[in-house]
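Visitor: There's a structure below that I have some questions on.
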Amino acid sequence: MKKTSFFKSLPFKLLIAVFLGIIAGLILNQYSTNGISMAVLNIVVTVKYILGQIITFCVPLIILGFIAPSITKLGKNASVMLGVAVVLAYGSSVGAAFFSTASGFFIIPHLSIHSYTAGLKQLPEVIFELEIPQIMSVMSALVFSVMTGLAAAWTQARLITEILDEFQKIVLSLVARIIIPVLPLFIGSTFCGLSYEGTITRQLPVFLKIIVLVLIGHFIWMAFLYILAGIYSHENPLEVLRHYVPAYLTAVGTMSSAATLPVALRCASKAKPLRKDLVNFGIPLFANIHLCGSVLTEVFFCMAVSKILYGSVPAMGTMVLFCLLLGIFAIGAPGVPGGTVMASLGIITGILKFDSSGTALMLTIFALQDSFGTACNVTGDGALTLMLTGYAKRHHIEEQTIAIDL
């Protein structure tokens, strides 16, 4: 596996973009009456608007490109154990989302987060509006993806499945070659605007607190999963968890479940309570569909960003709908840094009503800690595999060799 230097990684580029954006915004704020400063600010606002339009346009494509092919791949390997595995992965992700939501409603009001509007400077209007409408609405893309994926799996439509796989590669190429490269520029211009207004500089200490709280949430959820798995399987979960330290550290370093997969398989195979056939089956599958840490992170960050930028956390009903849909979107998350939040941009903008500033803020703080969310995902896979082992034992499913090409 080719290792990428930290200085060439997306988190480093985002850190530089955030730093330069904040510095530029502070300078422009100090010389706001200068004609050159206003001209620069006009360019910044326009660049942010155009890049925001491009990213928004790609949201339905991302949904179509990753949700539908993921469903067809699950359908091609349909079995009782697969169904159980999918239910476990979705249940864990949605459970983590609800846990994060409850924590957010309890903790965020006590974090001294305020939405500052008084005394803020106004950004200039966009001087060049290039409107790029989406090919379809976000919800239409989601429903179309689910129905197409299910129908292709039921009918074993080989041609459509191959087309969806090819389309997924095309969309992933768009994300990797267009969206990811422009993110630093988009985020830098956003932070420049927020810094000019005076919003972001007042809230910087809050972001550090939020990241620490999310990390604590990861460990609480992992502990819950392993305790639950131990109770269900009647096995000692520590015999699985103690082998997962190398996988956790590898995930922190690589920020990728796929890149961590060989290490995770090695760690899980050393755990005596886990059946070897279910390790071969469950670990690769969960690496693609189980994203409890990423989901937990995104929900808490969404609530915090909403409080910071819009003055209040979303309503309870809105958060419940968001959590239920996020579990579906997470299954189709592309294999890029920040993939979960990238795949769910549609419901962030459609359900939570985030504007471009809120979206940029979410992309930034999510990507900066994405490695720890990935580590939580990977470590949690061991607990779900232990549950699968318990299910097979309870239902007297014979051990066999199962190979899945994922």
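The values are calculated or read from the model by the stated rules, or taken from the named source; none is laboratory data. The structure presented is a predicted model; accordingly, all values stated were derived computationally and were not measured. Cβ coordinates were reconstructed from backbone atoms using ideal geometry, including for glycine residues, and neighbour counts include every protein chain displayed. Heavy atoms of the whole protein, side chains included, go into the accessibility calculation; ligands, DNA and RNA do not. Shrake-Rupley method; radii C 1.70, N 1.55, O 1.52, S 1.80 Å.
Visitor: Take the stretch 206-229 and flag every residue that is open to solvent by 50 Å² or more (accessible area, probe 1.4 Å) and β-branched (Val, Ile, Thr).
Guide: If the condition is that a residue be open to solvent by 50 Å² or more (accessible area, probe 1.4 Å) and β-branched (Val, Ile, Thr), then 212, 216, 220, 227 are the ones that fit.
Visitor: To continue, here is another question. Of (1) closer than 20 Å to residue 363 by Cβ; (2) small (Gly, Ala, Ser); (3) at pLDDT below 80, residue 112 satisfies all except one. Which?
Guide: Every condition holds for residue 112 apart from (1).
Visitor: Within the stretch 294-326, how many residues turn out to be among the small types (Gly, Ala, Ser), at pLDDT below 90 and in a helix (DSSP H, G or I)?
Guide: The number of residues fulfilling the criteria is 3.
Visitor: Okay, next question. If you check 166, 131, which single one turns out to be of a type in the set (Asp, Glu) and modelled with pLDDT of 85 or more?
Guide: Being of a type in the set (Asp, Glu) and modelled with pLDDT of 85 or more holds for just one of 166, 131, which is 166.
Visitor: Follow-up question, since we're still on this one. Would you confirm, using the coordinates I've provided, whether residue 139 is open to solvent by less than 30 Å² (accessible area, probe 1.4 Å), out of contact with any strand residue (DSSP E or B) (no Cβ under 8 Å at 6 or more places or on another chain), modelled with pLDDT under 80 and not β-branched (Val, Ile, Thr)?
Guide: no
Visitor: Take residue 296 and tell me if it is touching a residue at least 60 places away in the same chain (Cβ under 8 Å), open to solvent by 60 Å² or more (accessible area, probe 1.4 Å) and within 26 Å of residue 106 (Cα to Cα).
Guide: The answer is no for residue 296.
Visitor: Further question on the same structure: Could we say that residue 207 is within 14 Å of residue 364 (Cβ to Cβ) and either assigned to a helix (DSSP H, G or I) or of a type in the set (Lys, Arg) (or both) here?
Guide: Criteria met by residue 207.
Visitor: Same structure again: Scanning the stretch 375-397 for residues that are open to solvent by 10 Å² or more (accessible area, probe 1.4 Å) and either of a type in the set (Asp, Glu) or part of a helix (DSSP H, G or I) (or both), which turns out farthest from residue 240 (Cα to Cα)?
Guide: Checked the stretch 375-397; the qualifying residue farthest from residue 240 (Cα to Cα) is 394.
Visitor: Residues in the stretch 26-70 that are under 26 Å from residue 137 (Cβ atoms) and not in a helix (DSSP H, G or I): how many?
Guide: Residues in the stretch 26-70 being under 26 Å from residue 137 (Cβ atoms) and not in a helix (DSSP H, G or I): 0 in total.
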